[in-house]
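Beneath this line is the structure, given in structure tokens, with notes to follow.
The values are calculated or read from the model by the stated rules, or taken from the named source; none is laboratory data. None of the values given here were measured: they were computed from a predicted structure. With ideal geometry, Cβ positions are generated from the backbone for all residues, glycine too; neighbour counts draw on all protein chains shown.
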Amino acid sequence: MVDGVLRCGDRLCVPDINGLRQKIMHEAHYAPYSVHPGTTKMYHDVKGIYWWPGMKKDVAQFVSTCLTCQQVKFEHQKPTGLLQELPLPEWKWERITMDFVIGLPRTLKGHDSIWVIVDRLTKGTQFTSRFWQKLQEAMGTQLNFSTTFHPQTDGQSERTIQTLEDMLRMCVLDFALYGRKCRSPLCWTEVGEKQLEGPDLIQETSAKIPLIQERLRIAFSRQKSYADSKRRDVQYEPGDQVFIKVSPMKGVVRFGKRGKLNPRYIGPFEILERVRNVSYRLALPPHLSSVHPVFHISMLRKYIPDPSHILQTLEVNIVEDLSYEETPVAIIGKVIRKFMNKDIR
């Protein structure tokens, strides 16, 4: 006790009365000169002047419930969601993946897109540009869509498209797909008649399927071990409130406006159900009805509620094709520099 004030060394002891501790933390966190510090920074700022039992825990709880910090600050943690295994197909073309390459130079027939279909067993690739929805209805096939803004679900199609952008051609594993190597001009020197018996071909192909499946399992096990070492396992329950990431990947903004100082997350939104191990269906407001409501867990961030929060519903402009419309910035001036007798604009 010094001059009627209880101290712990040089620090003031703060009693837990009249919300005094909350007022001190509020001033240390929301004041213009502090600008929402993190847990460690705020704790060091407060403990230099004040002391009370459990201060570090109280500061961590206070910072974690800050609505602005939850929406704006970047998560310096491993991404959420462990790698999930897709069911292995039992036969060729039993399970396929598909995606689209759009925005290509228009052909003479007016086509500017490619529909890429990849067999999950043999990795055989097919291309088509016809309208596919009516085909699925006619054939009675089942479509399982990947989650919103999570292309890793259909990684093999994405990887095929990446190669297409360079070559517009894929090297098909002919041996696995057809049971033999396809003939090329290199083997045209071989002469004579060859006899191909159907039952033998089917038996030979059937013998290769278990080998392919085992190699796929080994490859996935290796990929999962590597991927999970850089991720963390987080699970949510129906009824939890979560934020949605504004930018699912670098250079892509789907919700809100582009800008370094804009919030990184919007929401919160309620989780309706757990669709798969790492996918959740959310209750989206009417102005987001055009967005697929199932999101991968890496797109979500748990909302930590607080009675003092005033949640405002922000209108988010979403165009029908979910693309982002940018307004170009006006050029107000230019500078021409010379380098090696050349003008650089």
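Those helices (runs of 4 or more DSSP H) of segment 18-113 in which at least 1 residues are in contact (Cβ under 8 Å) with a residue 60 or more places away in the chain and over 30 Å from Lys208 (Cβ atoms), considering only elements entirely within it, cover 55-64, 67-72. When Gly54 is tested against the conditions (1) modelled with pLDDT of 90 or more; (2) at negative phi, the lone failure is (2).
Say we look at segment 64-94 and pick out the residues that are of a type in the set (D, E, K, R) and over 16 Å from Leu300 (Cβ atoms); which of these is surrounded by the most Cβ atoms within 10 Å (Cβ to Cβ)? Per the criteria, the residue is Lys92.
Just checking, which of Pro307, Pro286, Pro293 is modelled with pLDDT of 70 or more, over 28 Å from the mean Cα position of the chain (by Cα) and closer than 29 Å to Thr65 by Cα?
After applying the criteria, what remains is Pro307.
Scanning segment 1-43 for residues that are of a type in the set (S, T, N, Q) and at positive phi yields a count of 1.
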